[in-house]
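Take a look at the structure set out below.
The values are calculated or read from the model by the stated rules, or taken from the named source; none is laboratory data. Keep in mind that this is a model prediction, so the values were computed, not measured. Counting neighbours? That spans all protein chains shown, and the Cβs are built from the backbone with ideal geometry, glycine included.
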Amino acid sequence: MNMCIIFIKTGDDILVIHNNIIKAKFIHRPNRFKAYVSINGEESMVHVPNTGRCREILIPGCTVILREENNPSRKTKYDLIGGYKGDRFINIDSHIPNKVVEEALKNRKIEILKEYVNIQREKTFGNSRFDFKLTNNDGGECYLEVKGVTLEENGVVKFPDAPTERGTKHLLELVEVKKLDKAAAVLFLIQMEGVKYFTPHDDMDSKFGEALRFAKENGVHILAYDCTVGENFIKLKDQINIKL
């Protein structure tokens, strides 16, 4: 699995990319996993660590940010981790959201989940594997799924940017968690800042939107947070409004 190398800036909860970061010009993306960019006028193939479409970000000629990966077994030297949409920088690395949320959980930055002291990654419930299983001092459990959000239109952020049967399945499974008197939550991590509100992208995947509303009606916590984002760092910022 292609993972970034990061360290935590003590006291600030900032995920800082330790690898070399460079700018390039985006050319095109022939498939989900690779793209071609121009680095100082030379065309190069890079890996894209995001299976979403990102079409409104990855526009020919736009400025993108690459992270150098020092792995001799790789076919590509760089990962494309973000791009500029006008003046707004958007991180698109799908490995980042769980890392940001994990730090926020450890530092009690997510108000509704502050009671949970034990944080476990990648835990299975039923037929789904969730990003986190949280436990409080009384043994109470909460299953948490994290979704990274990169789609923005006029300040409104939406998920998903491509149909996601897996995402819908996760939401319905969280409802099953609630039926067993456990807590359940889904957190949409907005990989940018300065947005108005979050809403499900019904035009892209109406079943996901229906499942999200169903989950809300059945007691699943629906959360959305934006991030302070730079070319080489990202940090959980503020809880934002949700319109279902």
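Filtering the stretch 129-172 to residues that are within 19 Å of Pro49 (Cβ to Cβ) and among the β-branched types (Val, Ile, Thr) leaves Val146, Val149, Thr150, Thr164. The single condition from (1) of a type in the set (Ser, Thr, Tyr); (2) in contact (Cβ under 8 Å) with a residue 40 or more places away in the chain; (3) not in a helix (DSSP H, G or I) that Thr135 fails is (2).
Within the stretch 55-110, being among the polar types (S, T, N, Q) and closer than 15 Å to Ile190 by Cα holds for Asn91, Ser94, Asn98.
Kindly check whether there is at least one residue in the stretch 153-167 that is among the basic types (Lys, Arg), at pLDDT 95 or above and touching a His at 6+ places or on another chain (Cβ under 9 Å). Looking through the stretch 153-167, at least one residue is among the basic types (Lys, Arg), at pLDDT 95 or above and touching a His at 6+ places or on another chain (Cβ under 9 Å). Taking the stretch 32-89 as the range and being within 22 Å of Glu152 (Cβ to Cβ) and in contact with a Pro (Cβ under 8 Å, 6 or more places away or on another chain) as the test, the residues that pass are Gly52, Asp79, Leu80, Ile81.
Out of curiosity, is Leu212 assigned to a strand (DSSP E or B), in contact with a Leu (Cβ under 7 Å, 6 or more places away or on another chain), in contact (Cβ under 8 Å) with a residue 12 or more places away in the chain and buried (at least 16 other Cβ atoms within 10 Å of the Cβ)? Criteria not met by Leu212.
Does Arg53 satisfy the criteria of being within 16 Å of the chain's Cα centre (by Cα) and free of Cβ contacts under 8 Å to residues at least 24 places away in the same chain?
Judged against the criteria, Arg53 is not a match.
Quick check, is Val146 assigned by TED's automatic domain parsing to the domain that holds Arg166 and within 17 Å of Gly167 (Cβ to Cβ)? Answer is yes for this residue.
Just one of the listed residues (Val146, Val101, Val177) is part of a helix (DSSP H, G or I) and either within 17 Å of the chain's Cα centre (by Cα) or at positive phi (or both), and it is Val101. Of all the numbered requirements in (1) out of contact with any Gly (no Cβ under 7 Å at 6 or more places or on another chain); (2) under 24 Å from Gly148 (Cα atoms); (3) in a loop (DSSP other than H, G, I, E, B); (4) modelled with pLDDT of 95 or more, Gly61 misses one, and that requirement is (2).
One residue is enough: does the stretch 183-192 have a residue meeting the conditions touching a helix residue (DSSP H, G or I) at 6+ places or on another chain (Cβ under 8 Å), part of a helix (DSSP H, G or I) and in the same structural domain as Ala104 (by TED's automatic domain parsing)? No - not one qualifying residue is present in the stretch 183-192.
Step by step: first the residues of the stretch 162-198, then only those that are surrounded by 18 or more Cβ atoms within 10 Å (Cβ to Cβ) and hydroxyl-bearing (Ser, Thr, Tyr), then the one that is nearest to Asn127 (Cα to Cα). Which residue is that? Looking at residues that are surrounded by 18 or more Cβ atoms within 10 Å (Cβ to Cβ) and hydroxyl-bearing (Ser, Thr, Tyr), I get Thr168.
Any residue that is crowded, with 18+ Cβ neighbours inside 10 Å, more than 22 Å from Gln239 (Cβ to Cβ), touching a Phe, Trp or Tyr at 6+ places or on another chain (Cβ under 9 Å) and hydroxyl-bearing (Ser, Thr, Tyr) - is there at least one of those in the stretch 121-138? For the stretch 121-138, residues crowded, with 18+ Cβ neighbours inside 10 Å, more than 22 Å from Gln239 (Cβ to Cβ), touching a Phe, Trp or Tyr at 6+ places or on another chain (Cβ under 9 Å) and hydroxyl-bearing (Ser, Thr, Tyr): present.
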